[in-house]
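Visitor: Before I ask anything, let me first share the structure, which is written out below as structure tokens.
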Amino acid sequence: MELNDLSKAIERVNSDSDETDFRKIAYLATFDHNLALGSSKYLDRRRRYFQIVNAVYGWMPRVLRIDIEFLSDAIEALEKSKSAECTNGVLELVTPISKCLRSVVGATKALHFSNPEIYPIWDSKVAKTISNRQKLPHGYMGEVSNYVGYLNCLLELRNKKEFLNFYDDYSRAYSNRLERFHIPNENSITAMRALESAIFELS
């Protein structure tokens, strides 16, 4: 995938005026609140973990599951993610959280709310679009290595010289859509969020 492929996403966001897509409105309206929860300095690490994963599963069709065997390691991993400045060691962070939640997708959403500058959200729609597949192989979304591949792909896009122009245009379109839907825009979206969101728009 190239940045030019994402130009259609900017057009879609700019033209989006559908207020009857209530799931979309819920995602847009709760996003900043979930980020605020992830950046809170007033929660101990255990409570922070549970509040973030509860917020994550408000965005997912499945019921939250906790495998107690991996809970301590998952809490520690999410805490470490908060201060990460690069994607080194991502495998060691995603793995225990995904084992605890029994979901790699859930783990990536928790990591994104914990540190949106570094970790993008991953789901099956994004995975299909970025891999140009109509159907994913069985078990594909359960492999942490596939998330790492997706993350590396976004890093390559972010490092292209044309990225800043895309980022400015997409951020402006995203902000204008929030204004059309009367949703307060409290935070600028990160580079990773802009890329992931644009790919989702094309799914």
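Visitor: Got a number for residues in segment 164-188 being part of a loop (DSSP other than H, G, I, E, B) and surrounded by 13 or more Cβ atoms within 10 Å (Cβ to Cβ)?
Guide: 4
Visitor: Shifting gears a bit: For segment 67-109, how many residues meet the condition of being free of Cβ contacts under 8 Å to residues at least 40 places away in the same chain, among the polar types (S, T, N, Q) and surrounded by 18 or more Cβ atoms within 10 Å (Cβ to Cβ)?
Guide: 2
Visitor: Can you give me the number of residues within segment 189-203 that are small (G, A, S) and in a loop (DSSP other than H, G, I, E, B)?
Guide: Total satisfying the criteria: 1.
Visitor: Given the criterion among the polar types (S, T, N, Q) and in contact with a helix residue (DSSP H, G or I) (Cβ under 8 Å, 6 or more places away or on another chain), identify the matching residue among N115, N132, N54, N88.
Guide: N115
Visitor: Moving to a separate point now. Could you please find all residues in segment 162-203 being at pLDDT below 95 and farther than 18 Å from D16 by Cβ?
Guide: E186, N187, S188 - these are the residues of segment 162-203 that are at pLDDT below 95 and farther than 18 Å from D16 by Cβ.
Visitor: I've got another one for you. Checking Q134 against (1) of a type outside the set (A, V, I, L, M, F, W, C); (2) part of a loop (DSSP other than H, G, I, E, B); (3) surrounded by 12 or more Cβ atoms within 10 Å (Cβ to Cβ), only one condition comes out false. Which one?
Guide: Evaluating Q134 over (1) of a type outside the set (A, V, I, L, M, F, W, C); (2) part of a loop (DSSP other than H, G, I, E, B); (3) surrounded by 12 or more Cβ atoms within 10 Å (Cβ to Cβ) leaves (3) as the failure.
Visitor: Within segment 37-66, which residues are touching a residue at least 12 places away in the same chain (Cβ under 8 Å) and of a type in the set (K, R)?
Guide: Scanning segment 37-66 gives R45, R46, R48, R62, R65.
Visitor: Additional query: Going by what's in this entry, would L136 be described as within 21 Å of L35 (Cβ to Cβ) and free of Cβ contacts under 8 Å to residues at least 60 places away in the same chain?
Guide: Details: within 21 Å of L35 (Cβ to Cβ): no; free of Cβ contacts under 8 Å to residues at least 60 places away in the same chain: yes.
So L136 does not fit the description; no.
Visitor: Oh, and also: Any idea which of (1) more than 18 Å from T190 (Cβ to Cβ); (2) in contact with a helix residue (DSSP H, G or I) (Cβ under 7 Å, 6 or more places away or on another chain) is the one L35 doesn't satisfy?
Guide: The number of the failed condition is (1).
Visitor: Quickly run through segment 57-66 and pick out the residues that are among the charged types (D, E, K, R) and surrounded by 12 or more Cβ atoms within 10 Å (Cβ to Cβ).
Guide: Here is the first cut: in segment 57-66, the ones among the charged types (D, E, K, R) are 62, 65.
R65 - this is the single residue of segment 57-66 that is among the charged types (D, E, K, R) and surrounded by 12 or more Cβ atoms within 10 Å (Cβ to Cβ).
Visitor: Report, by residue number, each residue of segment 7-24 that is surrounded by 15 or more Cβ atoms within 10 Å (Cβ to Cβ) and within 17 Å of the chain's Cα centre (by Cα).
Guide: If the condition is that a residue be surrounded by 15 or more Cβ atoms within 10 Å (Cβ to Cβ) and within 17 Å of the chain's Cα centre (by Cα), then A9 is the only one that fits.
The values are calculated or read from the model by the stated rules, or taken from the named source; none is laboratory data. A quick note: this is a predicted structure, and the numbers were derived from the prediction, not measured. Reconstructed Cβ throughout: ideal geometry from the backbone, glycine too, with neighbour counts over all protein chains shown.
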